[in-house]
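Below: one structure, written as structure tokens.
The values are calculated or read from the model by the stated rules, or taken from the named source; none is laboratory data. Owing to the predicted nature of the structure, the values given are computational and were not obtained by experimental measurement. Glycine gets a Cβ as well: all are built from the backbone with ideal geometry, and neighbour counts include every protein chain shown. Side chains are part of the model used for accessible areas, which takes the heavy atoms of the whole protein and leaves out ligands, DNA and RNA. Shrake-Rupley method; radii C 1.70, N 1.55, O 1.52, S 1.80 Å.
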Amino acid sequence: MSAGVRQGLHPLDWLAAGLLAAGLLSVATGLLPTAPAGDAMERIGPLLVFLGSVIVLAELTGKAQVFDVVATWVARAGRGNYLLLFGLCVLFASVTTITLNLDTTAVLLTPVMLALATRVGIAAVPLAMTTVWLANTASLLLPVSNLTNLLAADRVALSPAEMAVTMWAPQLASIAVTMACLWAFYWRRGRRGEVRYTPPPAPKTDDPVLFRVCALACTGFLLAILLADVPLWSASLTAALIVVVAFALRSRADLRLSLMPWRLLVLVPGMFLVVETVNSNGLHALLTAAIGSDNGIVGMLRSAGVGAGVSNVLNNLPAYMAGEAAVPEANHQQLLALLIGVNVGPVVTPWASLATLLWFERCRWHGTSIDLGRFLGTGLVLAVSATLAATTTLALVA
């Protein structure tokens, strides 16, 4: 029995189980017709394969010390200069989110950055906020970057390369606004309380072979989804299997069932069934009226605003599902604006995205205290400004 089971279920485990039970009960009682329930489950099948395999890939990559090595080199490259370190941390968090998805950034990059803060005397909260904000706001560029992007894949009908071409400008706008907010609220000298830091020594890996295999597997995964017509679930599953085989040969003790994100694999189907139930019983009409049918900039701003607002009240996954059904089929730009709202906007409340929930859990485990009032206030500024900037940029370049 695992240590997690011996210690009892986490509140998020109860939430996941409760949502799945509620969804199944809705189907059993007829509150949710079987046809939309079946469609939802068919739609998320590949998503669940991707989610499970990419988290295993990321967890084992973390165990192979790939993230630790990169984080240490980032700190060394900063040479004790906080402004340079800030830019490098933004780049590190953005690239991780874009290529391995926002939940990976929350799960693996957060503890690495916080441990780095402890080792070299860097203020922890600026690093933590950089991680959680960019986990959300840097998730526009590729289908792999956010589960909502995967959900939108059929409707937006864009390959990974086409999506990158479409969303690069909104993505840059979102990251630029995030950088401005991070510096103003957390990184400037008056907030961080330090002038310089001491760079850490050069990193060393426990197993160079595992390190290289994991680094190459992640690189191959990224190249496969960008340059080849390969389904995301297939690319992530292949990369994960390569890494699992390497660990089976060199570090079998690290291969445990707990590597699988069981909570997320239960939470996502439950969330889909619940939102389909609510959508079939009144939410659809409300969102249709709120979003409207204008495919121009005004309609795009309405769509993005509704997506961001509902995400912070509920969660960005059900917000996208419900919002997608309310956007007219032909309104491609309005749908992309909704995607901006549910990706960039969920930075105000702790439950607005799974990544933020996971981030809070990692911060508590590390002992890093996050002031909730400040988190809500600064997150509101970021959500409004970044969503507005990214959506306006999309309207201008589309």
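Numbers at a glance
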item: Among 318-327, 196-205, 138-147, the order from most to least packed when residues are scored by Cβ within 10 Å on average; result: 138-147, 318-327, 196-205
item: Förster radius 25 Å - calculated FRET efficiency between Val95 and Ala169, Cβ distance, rounded to 0.05; result: 0.90
item: 222 nm mean residue ellipticity, helices alone, for the chain (DSSP H n ≥ 4; -39,500 (n - 2.57); rounded to 500); result: -24000 deg cm²/dmol
item: Protein accessible area in the chain, 1.4 Å probe - carbon and sulfur %; result: 68 percent
item: Given charges at beta-carbon only (K, R positive; D, E negative), |dipole| of the chain in Debye; result: 1500 debye
item: Contour minus Cα-Cα distance for Glu162 and Glu329 (0.36 nm per residue); result: 58.2 nm
item: Protection proxy ranking of 175-181, 354-360, 258-264 - average other beta-carbon atoms within 10 Å, highest first; result: 354-360, 175-181, 258-264
item: Protection proxy ranking, peptides 386-396, 92-102, 127-137, 239-249, average beta carbon neighbours within 10 Å, highest first; result: 127-137, 92-102, 386-396, 239-249
item: Among [x] -0.31, -0.52, -0.94, -1.11; [y] -0.36, -0.59, -1.01, -1.15; [z] -0.41, -0.61, -0.96, -1.09, the entry that matches log10 I(q)/I(0) by the Debye sum over Cα atoms at q = 0.07, 0.09, 0.12, 0.13 Å⁻¹ as calculated here; result: [x]
item: Nearest-0.05 FRET efficiency for Leu227 and Asn81, computed from C-beta distance (R0 30 Å); result: 0.25
item: Where segment 139-189 is the region considered: accessible area per residue in Å², 1.4 Å probe; result: 35 Å²
item: Segment Arg43-Arg188, extension gain: residue separation times 0.36 nm, minus the distance between their alpha carbons; result: 47.7 nm
item: Residues listed by number, segment 321-353, amide nitrogen under 15 Å from Ser280 label point at 7 Å toward C-beta; result: 322
item: Options Ser258, Thr387, Met300, ranked by Cα towards positive dipole end of the chain, top entry (Cβ charges); result: Ser258
